[in-house]
Structure formats: structure tokens, C-alpha cells
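Written out below as C-alpha cells is the structure these notes cover.
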Amino acid sequence: LVLHGFAGTGKTFISLYLAMKEVLSRETSYEKVIVVRSCVPTRDIGFLPGTKEEKEMVYEQPYIAIFKEIFNTIPGNGLIEKLKDQKLFEFISTAFIRGITINNAVVVVDEYSNLNYHELSSVITRLGNNCKIIFCGDIFQTDIDKHKEAHLKDVHKFQQILRSIYDFSFVEFNADDIVRSALVKQFIMAEQAYNKSH
């Protein structure tokens, strides 16, 4: 599944909600939800000290917030650590995905528009038996500044390849689907109007 569209439409939330629902269901054989993301900062923040897990924790923050909402829990209760301890959730940076095989999992590839073609290809070719994969993103929200045009061409190529695969479905989200807040919706609609007129 490919979920594509504007910020604030709930692409990641919907993906994680449905993925966790599948994993926790007794009717499926999926064992865990795996989130794959490129650890690309929007600005150069320099060297991050700490272990691999400590460095990746920065990029796990959106998923901690989503899981707190899904499970209706209060902040600070270590929810994501509990999910990891129970082997129900795993976060993998694209930097560490080579050489592994993923089985019996629902894989959510978040912010896929930040991944280059090599990373996108590496992620999808990690899938083994009994997996589902969901790509979430918006090509207009890429954090890639250098060679942006070539990067977007790579993402477009990957999308076209997925469109040729019968098993893939695409869901497009537009400004009417924005649910984050009224302000976000107003801003994006105003931005769209500005871009059309300039």
C-alpha cells in the first residue's frame, strides 16, 4: 500500500493503527510492526552522541506520540519500550537495513519521499515471507535539498514500478483530508493558492 499526500492527513497514524491492529489480532500471523525511516535531519544538527539506539530515539518521537494516542496512555509510561520488549514493535533506520530478511511483519516505511531509489529498493527487497508493506509520504515534503530534482525523479520511478505491481494499491490524500488542525488545513490551502498564482 502507498499512502501519499498532504501533511496532516494522518498517513502515518492510519498506517500504524492498522498495522498494530493486525499484529494484535489473533486472526493473523503477523508478529510485529516495523517502522523503517531514513534518519535524514531537516537541518544539519551535527554529531549526535550515544549508541545506535540513543541516536535513533530522536527519530522515534513521532511514533511514541502516535502509539500514546492509539493506546490512550499518558506520557512517560515507557509504552514504546514495552512494545519493543514484547517484540511487537521495531524501528530500523535505512542505514542498518542491508543484509536482513524480514518475516511475519507489517512494515511501515515512513517519509518514503526522503529515501533515494537505492534505499527504497533495499527496503522492499528485505521482505521475506508473510509480510505487508505500507509506504507513507509526500514528494512535496522531502527533506532532500541537494540534487532535489534527481531525487524526486528517483521517487517517481519507484512509484511507477510499484504501480505496475498488481498487489500494490495507492491512496491519495488531498487538502480536504487534513485532520491535524484547522490552521494546518488553512495554511496548506493558502499555500496551494499562492503557488498556483505565482
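Going by the structure shown, is PHE6 under 26 Å from SER164 (Cβ atoms), modelled with pLDDT under 90, open to solvent by 40 Å² or more (accessible area, probe 1.4 Å) and of a type in the set (A, V, I, L, M, F, W, C)?
Yes, satisfied.
Here are some conditions: (1) at negative phi; (2) at pLDDT 90 or above; (3) touching a helix residue (DSSP H, G or I) at 6+ places or on another chain (Cβ under 8 Å); (4) open to solvent by less than 80 Å² (accessible area, probe 1.4 Å). SER15 meets all but one. Which one does it not meet?
(3)
Mind listing whichever residues of segment 56-82 are modelled with pLDDT under 80 and open to solvent by 70 Å² or more (accessible area, probe 1.4 Å)?
Matches in segment 56-82: VAL58, ILE74, PRO75, GLY76.
What number of residues in segment 94-127 are without any contact (Cβ under 8 Å) to a residue 40 or more places away in the chain, assigned to a helix (DSSP H, G or I) and open to solvent by 20 Å² or more (accessible area, probe 1.4 Å)?
The total comes to 3.
Can you tell me which residues in segment 167-198 are of a type in the set (Ser, Thr, Tyr) and open to solvent by 70 Å² or more (accessible area, probe 1.4 Å)?
Within segment 167-198, TYR194, SER197 qualify.
Report yes if PHE158 is part of a loop (DSSP other than H, G, I, E, B), touching a residue at least 40 places away in the same chain (Cβ under 8 Å) and in contact with a strand residue (DSSP E or B) (Cβ under 9 Å, 6 or more places away or on another chain), otherwise no.
Considered against the rule, which asks whether it is part of a loop (DSSP other than H, G, I, E, B), touching a residue at least 40 places away in the same chain (Cβ under 8 Å) and in contact with a strand residue (DSSP E or B) (Cβ under 9 Å, 6 or more places away or on another chain), PHE158 comes out as no.
Do you know which residues across segment 68-112 are among the aromatic types (Phe, Trp, Tyr) and farther than 27 Å from VAL155 by Cβ?
PHE71
Taking into account only those residues within segment 74-113 that are under 24 Å from PHE6 (Cα atoms) and hydroxyl-bearing (Ser, Thr, Tyr), which is nearest to the chain's Cα centre (by Cα)?
In this case the residue turns out to be TYR112.
Can you confirm whether segment 172-182 contains a residue that is among the acidic types (Asp, Glu), modelled with pLDDT of 90 or more and outside any helix (DSSP H, G or I)?
Checked segment 172-182: at least one residue is among the acidic types (Asp, Glu), modelled with pLDDT of 90 or more and outside any helix (DSSP H, G or I).
Can you tell me which residue within segment 83-93, out of those that are farther than 26 Å from GLN160 by Cβ and aliphatic (A, V, I, L, M), is surrounded by the fewest Cβ atoms within 10 Å (Cβ to Cβ)?
My answer is LEU88.
Would a scan of segment 130-151 turn up a residue that is aliphatic (A, V, I, L, M), open to solvent by 50 Å² or more (accessible area, probe 1.4 Å) and in contact (Cβ under 8 Å) with a residue 12 or more places away in the chain?
no
The values are calculated or read from the model by the stated rules, or taken from the named source; none is laboratory data. Model, not experiment: these values are computed from the prediction. Please note: Cβ atoms are built from the backbone with ideal geometry, for glycine as well, and neighbour counts cover all protein chains shown. Side chains included, ligands, DNA and RNA excluded: accessible areas come from the protein's heavy atoms. Shrake-Rupley method; radii C 1.70, N 1.55, O 1.52, S 1.80 Å.
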